[in-house]
Amino acid sequence: MDVTGKEMVINRKEMALKKVEKLKAGYSAFAESKEVSEMIKKQLAKEGIEVYEDVTEMGSWFIPANKKE
């Protein structure tokens, strides 16, 4: 429980989808856990979105790949 007395529920799939939306908008995204990173990668592959992934000890950075068309 948090200080308000209400339980905090974190939906990892929803979190991953929001990060994918940020990437589609051209912003970088950070995933703190392997689980969320895997969900992001799966969704990116499904949508054919290319990114650079920088894996650190703290988590993974996803950076949009700049396409020149």
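The values are calculated or read from the model by the stated rules, or taken from the named source; none is laboratory data. This is a predicted model, so every value here is computed, not measured. Note that each Cβ is placed from the backbone with ideal geometry, even for glycine, and that neighbours are counted across all protein chains shown. Only protein heavy atoms, including side chains, enter the accessible area calculation; ligands, DNA and RNA are left aside. Shrake-Rupley method; radii C 1.70, N 1.55, O 1.52, S 1.80 Å.
Please name all residue pairs, on different chains or six or more residues apart, with Cβ atoms under 8 Å, provided the first residue is in region 21-37 and is without any contact (Cβ under 8 Å) to a residue 24 or more places away in the chain and farther than 14 Å from residue 54 by Cβ and the second residue is outside any loop (DSSP other than H, G, I, E, B) and among the basic types (Lys, Arg).
35/12
Can you name the residue in region 31-69 that is open to solvent by less than 50 Å² (accessible area, probe 1.4 Å) and either assigned to a helix (DSSP H, G or I) or in contact with a Gly (Cβ under 8 Å, 6 or more places away or on another chain) (or both) and, of all such residues, is nearest to residue 11 (Cα to Cα)?
The residue in question is 36.
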